[in-house]
Structure formats: structure tokens, C-alpha cells
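**Student:** Before I ask anything, here is the structure I am working with.
The values are calculated or read from the model by the stated rules, or taken from the named source; none is laboratory data. Note that the structure is predicted; figures quoted are calculated from it, not measured. Here Cβ is always computed from backbone atoms with ideal geometry, including for glycine, and neighbour counts include all displayed protein chains. Just the protein is used for accessible areas: all its heavy atoms, side chains included, with ligands, DNA and RNA removed. Shrake-Rupley method; radii C 1.70, N 1.55, O 1.52, S 1.80 Å.
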Amino acid sequence: MKKIIRNGTLVSDSAVYSADILIDGEKIVSIGKNLPVEDAQVIDAEGKYVIPGAVDVHTHMDLDVGIARAVDDFYDGTVAAACGGTTSIVDHMAFGPAGVPLHYQFDVYKNLAGDKAVIDYGFHGVAQHVDSSVLEELESMSAEGVPSVKAYMTYGFKLNDADILQILIKMKEINGITAFHCENHDVVEFLKKKYVSEGKTAPIYHAKSRPNLAEAEAVERVLKLAHMAGDAPVYIVHLSCKESLEAVRDARRRGQKNILVETCPQYLILTEECYTREDGLKYIMSPPLRTREDCEALWEGLSDGTIQVVATDHCPFNFGLEKQRGKDDFTACPNGAPGVEERLMLMYSEGVVKGRISLSQLVRTCCTNPARIYGLSPEKGVILPGADGDIVLLDPLASSELTHSAMHGAGDYTAYEGMKLQGDISLVMQRGNVIVKNHEFLGKKGDGRFIHRKPYREKVI
Ligand code: URP
Ligand code: ZN
Ligand code: ZN
């Protein structure tokens, strides 16, 4: 069945222009002015922005963190994603039992997602220890469509510098990309213990135990390790503060290549004041929320190109249940918050409407860059002939309000309750099918496909 999207304003990562889009089956086949309708079904996009289906390369569906499990499985979480205009995710696998090979979690995740996901999905591997067989497996994982791996510099399975260096060397050799959660583990553990021993157990001490410089030190260290590995591709997840941005700028100024940076809406919009509210536990995530000055620095970093990607780190736990583990001690609270459904509209309303980023920068950071960096291109992240018919219609004149009752995930809150937004998503298509119309999910459980991602290409963005 052919579909034609008429009269809309197309937004790419570099231009905004009027054109029609013809989709045949799952693929975009042509783009141009006044395309003949012939036998195609017409979708009228008059007055709407037509953007590529957004790509979220940092989610944690069904994440098992030992003390709790993220409440969105691959069905609830991808329905929420779809309703927020995201048509592809790359999910970070949870740690498995100690000592397991990389493929162990890959197999677990194929089962978690396979018959549930409603949008297309890929996975990042997770390196929880390093030895010769894990290094070999990085290559076979890549051949099987997982050319990226994540390493944590804190939490239970944190890697040391020698582990990190070996991974970076191997990933460079195989054109892979390594994502890093950057926080100085020893500093964080010391401060957590100190605050708890002083009886300082309220949520605000979560932020105080993870200061900006604990993140920036780890960012700086990992960038130096990547440089030692011959400018191995390095991707900093959820960068949250101005000092980390400076570390990135310094490394690039020195000429280091292949540095990719992600931030998330929560670090652009929310501040550590949330921790002093009655419901402060909702905002316990790592890194923590920072200050308004950090938010402004991150907007600047997005607008000047220091940051390439806005993802979500979607990892919801219920305030009414799992988050309450932290009511007497912040260290017992599972880390993470929802955000997959809110991202695109937040970035439009808080970013584009408020003049902090352009429409093309919105598309670049939420759609095109993440797809290119992580090997989902040319099928995803762009509106071009040959790409998948993954399309979002955004109505700039409508207004909306973020409220939990309108959300589609399984969690019991949104971190942005009551926030008024300019603009609204009126339609979402995945591979040529309308899967969301006027906030109603019309897709089918299990219709999402595994995305066999391609290796990282230098100068990809
Ligand atoms: O607090 C967070 N961010 N939870 C999810 C896991 C991670 O660190 O990305
Ligand atoms: Zn993380
Ligand atoms: Zn994460």
C-alpha cells in the first residue's frame, strides 16, 4: 500500500523545506513538490513539521538492577516511546551473573524484546569483566549486529583503567564504539559512606555524593585512555555538567578524534532542587541532577555542537514502590527515571520554541546523529529515498501538558508533571504504518524488529 504525506514542512538535520513524501510499503521512495497522488493513501500534513522517527540510543527496558526491575518491559516501554515520536531504540543490556560471556545477556535480551517490542530495537553489549574471551566476543557481537559495548566506571561491575584500555584498543580494531558511564567510583563510594555515617540520608545527599568533578574526572580519564588507544571511538553517555563539557572541549582542542557526547532532557531541564521536594526520590538517578548553571552550559553545548546526541536513559521505577526503598537512606533507592515518551516534545518545546536550538538541531541530536553514530543509518534517522518510512508529524500550534495520566508507560509518574508544552505529536509512522494517531497507540505487540547495526565509521557526523 502506498502512502503520500502532503503539504508538510520537512525538517532534516540541515534544512527545513516544503515537500511531499511517497512511501511504498515500508520504504520512502520519493520526496518532491506536488508528487502525483495516483493510488496512494493521502496523509495531510498541512501546518505540521514532518521529521524522521526519533532514535533513542539510551534506554533500559526491563532492567534488572538486583534490588528492583525497571517497570517498563519492552512492550510498555516501546509503546511509550512510539507515543513520544521515537521509532527506534538501542537498549543497554543489564549486567548478568558475574563472569558470564557477552553473549549471555544478548540471548537474555533477544528473549525480553523479541515478541514484545512495538518499534525497531537494537542492543548495546555490556562489559562486566575483561579477559581474552570477552575481547574476542566483541568481534562476534559486532558481526551479529551489536557493534557497541558499554563500560561502567562505577556501580558493581565497574571496570578499571587497564580493562577500559584493552576494550578501547579492541573496539578501535573492529570499528566498534564504546559507551561509558563516567563517574569516579572511589570518590562516590567515599562520599556516600561519609554522608550516611553522618545521618545525612535524604535524597539531596545523592547529589552531594556525586559531585560534578567526580564525573568530569572520569570523563577526562576515559578520553585520555581513548587517546592512548589511538583515538578509539568513545561515546560519553548522559553527560550532565559544565566541567565534563570542558574536558570534552579540551580533548577536541588538542586534536583528539572520535569523541561523541550524549546528554538527556533531565540534565537540560531539571535541577538538584528536585531532591529537596517531598517526592525527591523520583529524581534519584546517576549522574544526579545538577544546577541551573549546568543546564544552561549543556544547552550551550548542544547549540555549539559539543554534544551530538540527546537520549533519555529511560529507566523507570515506581515512586509508590521501588523508589520507596530509599525513603530512609538514599543509597538504597534504585537509580533511574522515566523519559522515553517525553524526550522529543521536551526538546521541541524547551529547546526549539525557547530559541535554544534550531529545528534542524533537534532532528540532528534526536534522530540523525544517534542513527549515524550507532550504525542504524541509512535506514533510520533521516527522511530520504531508501530510508524506512519512520515519520513523525509535529503540530507546532497545538499545546499540551505533561502529566502522568496521559503517559503510556507502566510507571507511576513523569518527572515533568504539570509542565506546559508548546507543540504536540499528531501522528507517528513506523516502516510505513501509522502506529500512533492523536496519542492513541495503533501498533501491534511484537511488530518491532531487531536492528542489525553496522560498524562505526569515522567522520560519520
Ligand atoms: O540512574 C541511572 N542512570 N540509571 C540507569 C543506569 C545508568 O546508569 O545508566
Ligand atoms: Zn549510566
Ligand atoms: Zn543508562
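**Student:** Identify all residues within region 193-250 that are touching a strand residue (DSSP E or B) at 6+ places or on another chain (Cβ under 6 Å) and more than 16 Å from ligand 2 (Cβ to nearest atom); write none if there are none.
**Tutor:** Result: ALA226, PRO233, VAL248.
**Student:** Give the residues of region 237-263 that are under 18 Å from the mean Cα position of the chain (by Cα) and farther than 18 Å from ASP304 by Cβ, sorted by residue number.
**Tutor:** Selection gives VAL237, HIS238.
**Student:** Being acidic (Asp, Glu) and either within 15 Å of ligand 2 (Cβ to nearest atom) or more than 17 Å from LEU223 (Cβ to Cβ) (or both) is the filter here, so list the residues in region 147-178 that pass it.
**Tutor:** GLU173
**Student:** Would it be correct to say that LYS116 is out of contact with any Leu (no Cβ under 6 Å at 6 or more places or on another chain) and not in a loop (DSSP other than H, G, I, E, B)?
**Tutor:** No.
**Student:** Go through region 305-333 and report how many residues are assigned to a loop (DSSP other than H, G, I, E, B), touching a Pro at 6+ places or on another chain (Cβ under 9 Å) and within 16 Å of ligand 3 (Cβ to nearest atom).
**Tutor:** Residues meeting the conditions: 6.
**Student:** Yes or no: VAL65 β-branched (Val, Ile, Thr), over 30 Å from GLN266 (Cα atoms) and surrounded by fewer than 24 Cβ atoms within 10 Å (Cβ to Cβ)?
**Tutor:** No, not satisfied.
**Student:** In region 7-96, which strands (runs of 3 or more DSSP E) lie fully inside it and hold 2 or more residues that are within 16 Å of ligand 2 (Cβ to nearest atom)?
**Tutor:** Passing ranges, in order: 54-59, 86-92.
**Student:** Residue by residue through region 127-170, note down the ones that are over 22 Å from TYR109 (Cα atoms), in a loop (DSSP other than H, G, I, E, B) and of a type in the set (Ser, Thr, Tyr).
**Tutor:** Answer for region 127-170, where residues must be over 22 Å from TYR109 (Cα atoms), in a loop (DSSP other than H, G, I, E, B) and of a type in the set (Ser, Thr, Tyr): just THR154.
**Student:** Now for a different question. For region 195-233, which positions are part of a helix (DSSP H, G or I), under 21 Å from GLU278 (Cα atoms) and either open to solvent by less than 10 Å² (accessible area, probe 1.4 Å) or not basic (Lys, Arg) (or both)? Give the steps one after another, and end with the answer.
**Tutor:** If we filter region 195-233 for residues that are part of a helix (DSSP H, G or I), which is where we start, we get 195-197, 204-208, 212-228.
Next, only the ones that are under 21 Å from GLU278 (Cα atoms) stay: 195-196, 204-208.
Result: TYR195, VAL196, ILE204, TYR205, HIS206, ALA207.
**Student:** Could you check, for region 235-253, whether at least one of its residues is over 20 Å from GLU293 (Cα atoms), more than 16 Å from ligand 3 (Cβ to nearest atom) and open to solvent by 20 Å² or more (accessible area, probe 1.4 Å)?
**Tutor:** Taking every residue of region 235-253 in turn, at least one turns out to be over 20 Å from GLU293 (Cα atoms), more than 16 Å from ligand 3 (Cβ to nearest atom) and open to solvent by 20 Å² or more (accessible area, probe 1.4 Å).
**Student:** Given the conditions (1) of a type outside the set (Val, Ile, Thr); (2) part of a strand (DSSP E or B); (3) open to solvent by 10 Å² or more (accessible area, probe 1.4 Å), report the number of the one that LEU394 does not fulfil.
**Tutor:** Looking at each condition in turn, LEU394 falls short on (3).
**Student:** A follow-up question, please. Here is a check on your reading of the model: is ASP186 without any contact (Cβ under 8 Å) to a residue 12 or more places away in the chain, over 23 Å from the mean Cα position of the chain (by Cα) and under 21 Å from ALA247 (Cβ atoms)? Outline the logic, then answer.
**Tutor:** Numbers: without any contact (Cβ under 8 Å) to a residue 12 or more places away in the chain: yes; over 23 Å from the mean Cα position of the chain (by Cα): yes; under 21 Å from ALA247 (Cβ atoms): yes.
Spelling it out, ASP186 is indeed without any contact (Cβ under 8 Å) to a residue 12 or more places away in the chain, over 23 Å from the mean Cα position of the chain (by Cα) and under 21 Å from ALA247 (Cβ atoms).
**Student:** If you take the residues of region 128-177 that are open to solvent by 20 Å² or more (accessible area, probe 1.4 Å) and among the aromatic types (Phe, Trp, Tyr), which of them is farthest from ligand 1 (Cβ to nearest atom)?
**Tutor:** In this case the residue turns out to be PHE157.
**Student:** Check ASP294 against each of (1) open to solvent by less than 20 Å² (accessible area, probe 1.4 Å); (2) within 24 Å of ILE236 (Cα to Cα); (3) more than 16 Å from ligand 2 (Cβ to nearest atom); (4) under 18 Å from the mean Cα position of the chain (by Cα) and name the one condition it does not meet.
**Tutor:** (4)
**Student:** Go through the residues of region 308-319 one by one and say whether even a single one is within 24 Å of LEU213 (Cβ to Cβ), surrounded by fewer than 24 Cβ atoms within 10 Å (Cβ to Cβ) and touching a helix residue (DSSP H, G or I) at 6+ places or on another chain (Cβ under 7 Å).
**Tutor:** yes
**Student:** Still on this structure, please answer the following. For LYS33, which of the numbered conditions (1) within 16 Å of ligand 3 (Cβ to nearest atom); (2) without any contact (Cβ under 8 Å) to a residue 60 or more places away in the chain fails to hold?
**Tutor:** Failed condition: (1).
**Student:** Let me ask something else about it. Please state which one of VAL108, VAL90, VAL79, VAL118 is at pLDDT 95 or above, within 22 Å of the chain's Cα centre (by Cα) and surrounded by fewer than 21 Cβ atoms within 10 Å (Cβ to Cβ).
**Tutor:** Being at pLDDT 95 or above, within 22 Å of the chain's Cα centre (by Cα) and surrounded by fewer than 21 Cβ atoms within 10 Å (Cβ to Cβ) holds for just one of VAL108, VAL90, VAL79, VAL118, which is VAL108.
**Student:** OK, next. Answer yes if at least one residue in region 413-434 is outside any loop (DSSP other than H, G, I, E, B) and among the acidic types (Asp, Glu), and no otherwise. Lay out the reasoning, then the answer.
**Tutor:** Keep residues of region 413-434 that are outside any loop (DSSP other than H, G, I, E, B), which gives 419-430, 433-434.
Now restrict to residues that are among the acidic types (Asp, Glu): 424.
Yes: region 413-434 contains one or more residues that are outside any loop (DSSP other than H, G, I, E, B) and among the acidic types (Asp, Glu).
**Student:** Output the number of residues of region 320-364 satisfying the condition of being surrounded by 24 or more Cβ atoms within 10 Å (Cβ to Cβ), of a type in the set (Gly, Ala, Ser) and under 18 Å from ASP13 (Cα atoms).
**Tutor:** Count: 1.
**Student:** I would also like to ask the following. Any idea which residue in region 275-291 is nearest to ligand 1 (Cβ to nearest atom), counting only those that are surrounded by 22 or more Cβ atoms within 10 Å (Cβ to Cβ) and not in a helix (DSSP H, G or I)?
**Tutor:** MET285
**Student:** Taking region 178-190 only, how many residues are open to solvent by less than 30 Å² (accessible area, probe 1.4 Å) and assigned to a helix (DSSP H, G or I)?
**Tutor:** Looking only at that region, the number is 1.
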